[in-house]
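Peer 1: One structure coming up, written as structure tokens, with questions to follow.
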Amino acid sequence: MINRNGLRTAFTAGLGNAFASLSGVGDSQYVSLAVLAVSTGTYGGALALGSQRLLGTALGSVLLLIGYEGLRGLPMPLALALTLGALRLLGGLLKLQVGYKVGGIVIVMGWLVHEGGLAAWIPLRFFWTCFGVLITLLALRLFWPARGLDSSLGQVATLLVQLQSCFRDLAARVDPTRSGPVAADPHRIGRYRALRNQLVAIRRQRPALLQELGSLPERHPATLLMANFEATASRLITLVGGLVREPPSLQDPQLVVQLHRAEAELLQAMAGQLGQWERQIRGRHGLPKPPDTGLQLPRSWQQLGQELNDPTANSASLERLERIASRLMLCRQAEQAISDGEANWAVILGRA
């Protein structure tokens, strides 16, 4: 129940408290508050939150001094409300996401609690906030380093494992020995939604990754590689959703059974290729390299064009032929997605 992030946060907060206590400087509680607020699990995320917190503290301090001195003639509730409104307006113009909340706390506490000593309280608060952000960033680099790229690639590897399982499950579902049509399975639909949620979680890591890549992060090979993985995963998840919603029909002529067999063998081959992707990502040193061998298409899939031209296929019902055509088109798109993903992967690594 205790993970590395929790241990690192507790250690960093304790270290900051110890230093602040030994220094004898007042208002040292803001060190722990800064550490707890900024520790998000990745260096990029902490860098983004830290900059927001510092900017919010600075903006709130400036508005507190201006409002406290310039609005003395107004009733305190009205003056405080006007100052907070100005903070919200400026925070929106500066595109602050959480920093204006910190600035609001500075204004309220300074006005109501520290009104007699703002000249001493504001510098101390800002100093301890800076110190808390700094030691948090150092802890994220030194103690169990947590980088946005590592976290994002780890999530991609997990998603690839889930896709492998889904592909093998879908391949096993195309079983010529079944005696009737297969209905849509709510469990598999739930797995498809879980895949979409996992992809959304990966995309949410993008801002933290960009924060730690320095100048021109959009052109960094790590950003391009993650975008390639996300695009490929999105196309493969579309395959899963389409096959789940178009269950196979197996009471068909022998030729149609062969079409299903080609589909199943392709799904197994794609699952094996995604396994190579996962191993390349987990065993990487720096940016992961593409697999040495590309997707090997099974013979049954390569000969599919000849079988589709066989007039025997017309003996199946039109509805079932349309369903089979839809499934085969989705499989071909997934095959192309893997090939395109590996080609783009090699190009990106060639630039790195």
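Peer 1: Tell me, what is the FRET efficiency for Arg219 and Leu74 to the nearest 0.05, using R0 = 45 angstrom and their Cβ-Cβ distance as r? Working shown, then result.
Peer 2: Numbers: r = 51 Å, r/R0 = 1.13.
Given R0 = 45 Å and the Cβ-Cβ separation, E is 0.30.
Peer 1: A follow-up question, please. Among Ala79, Trp111, Val98, whose Cα lies farthest out toward the positive end of the dipole of the stretch 4-143, if unit charges sit on the beta carbon of Lys, Arg (+1) and Asp, Glu (-1)?
Peer 2: So the residue furthest toward the plus end is Val98.
Peer 1: Name all residues of the stretch 221-235 having a backbone nitrogen under 15 Å from the label point set 7 Å from the Cα of Arg279 along its Cα→Cβ direction, giving them as ranges.
Peer 2: So the set is empty, nothing qualifies.
Peer 1: Given the Cα-Cα distance of Met329 and Gln97 and 0.36 nm per residue of separation, how much length would full extension add, in nm? It would help to have the intermediate numbers written out before the result.
Peer 2: Working: separation 232, 0.36 × 232 = 83.52 nm, distance 4.35 nm.
Between Met329 and Gln97, full extension yields an extra 79.2 nm.
Peer 1: Turning to a different aspect of this structure: Name the residue farthest towards the positive end of the dipole of the stretch 4-143 from the options Thr57, Leu7, Val25, assuming +1 on Cβ of Lys and Arg, -1 on Cβ of Asp and Glu, about the Cα centre.
Peer 2: Going by the charge dipole, the pick is Leu7.
Peer 1: Taking 0.36 nm per residue of sequence separation and subtracting the Cα-Cα distance, how much length would be gained by fully extending the chain between Phe11 and Gln336, in nm to one decimal?
Peer 2: Numbers: separation 325, 0.36 × 325 = 117.00 nm, distance 4.82 nm.
Computed gain between Phe11 and Gln336 is 112.2 nm.
Peer 1: A follow-up question, please. Could you check the simple spin-label distance between Gln302 and Ile66, using points 7 Å along Cα→Cβ, in nm with one decimal?
Peer 2: The two pseudo-label positions are separated by 7.2 nm.
Peer 1: Quick one: what are the phi-derived ³J(HN,Hα) couplings along the stretch 293-298, Karplus 6.51/-1.76/1.60 with θ = phi - 60°, whole Hz, x for glycine and proline?
Peer 2: Values, residue by residue: 10, x, 5, 8, 6, x Hz.
Peer 1: Amide H neighbours of Leu297 under 5 Å, counting only residues 5+ apart in sequence or on other chains, H built in-plane at 1.01 Å?
Peer 2: The answer is none.
Peer 1: What's the carbon and sulfur percent of the stretch 4-143's accessible surface, probe 1.4 angstrom, rounded to a whole number?
Peer 2: Details: 4990 of 6960 Å².
Carbon and sulfur: 72 percent of the exposed surface of the stretch 4-143.
Peer 1: Taking the Cβ-Cβ separation of Asn3 and Arg168 as r and a Förster radius of 35 Å, what is the calculated FRET efficiency to the nearest 0.05?
Peer 2: On the way: r = 30 Å, r/R0 = 0.87.
In this case the efficiency is close to 0.70.
Peer 1: OK, next. Which distance in nm do the two modelled labels at Ala119 and Ala18 give, with both placed 7 Å along the Cα-to-Cβ direction?
Peer 2: The answer from the label model is 3.7 nm.
Peer 1: Quick one: what Rg and Dmax do you get for the stretch 1-80 from the alpha carbons, in Å?
Peer 2: Expressed in Å, the Cα Rg and Dmax of the stretch 1-80 come to 17.1, 55.
Peer 1: A follow-up question, please. Taking the Cα centre of the stretch 4-143 as origin, sum charge times position over the Cβ atoms of Lys and Arg (+1) and Asp and Glu (-1), and report the length of that vector in debye to the nearest 20. Don't skip to the answer; put the middle values down first.
Peer 2: On the way: 9 positive and 3 negative charges, 90 e Å.
The calculated dipole for the stretch 4-143 is roughly 440 debye.
Peer 1: Using only protein heavy atoms and a 1.4 Å probe, report how much of Tyr30 is accessible, in Å² to the nearest 10.
Peer 2: So the heavy atoms of Tyr30 present about 10 Å² to solvent.
Peer 1: Now for a separate question. Relative contact order of the stretch 1-110, please, whole-number percent, based on alpha carbon pairs below 8 angstrom and at least 6 residues apart. Write down the numbers at each step before the final one.
Peer 2: Values: 89 pairs, mean separation 28.2, N = 110.
It comes to 26 percent, rounded to a whole number.
Peer 1: Would you mind calculating the gained length between Lys289 and Val347 on full extension (0.36 nm times residue separation, minus the Cα-Cα distance), in nm to one decimal?
Peer 2: Values: separation 58, 0.36 × 58 = 20.88 nm, distance 1.06 nm.
Going from the current span to full extension adds 19.8 nm.
Peer 1: Right, next: Obtain the nm distance between the two label points defined at Ala227 and Phe143 by a simple spin-label model: each point lies 7 Å from its Cα along the Cα-to-C-beta direction.
Peer 2: Calculated label separation equals 3.7 nm.
Peer 1: With a 10 Å radius around each residue's Cβ, average the other Cβ atoms per peptide and rank 17-27, 334-344, highest first.
Peer 2: Numbers: 17-27: 12.7, 334-344: 17.9.
Highest mean packing first, the order is 334-344, 17-27.
The values are calculated or read from the model by the stated rules, or taken from the named source; none is laboratory data. Predicted model only: the values in this text are computed from it and were never measured. Glycine also receives a Cβ, built like all others from the backbone with ideal geometry; neighbour counts cover every protein chain displayed. Each accessible area value is taken on the protein alone, full model and side chains, heavy atoms only, with ligands, DNA and RNA left out. Shrake-Rupley method; radii C 1.70, N 1.55, O 1.52, S 1.80 Å.
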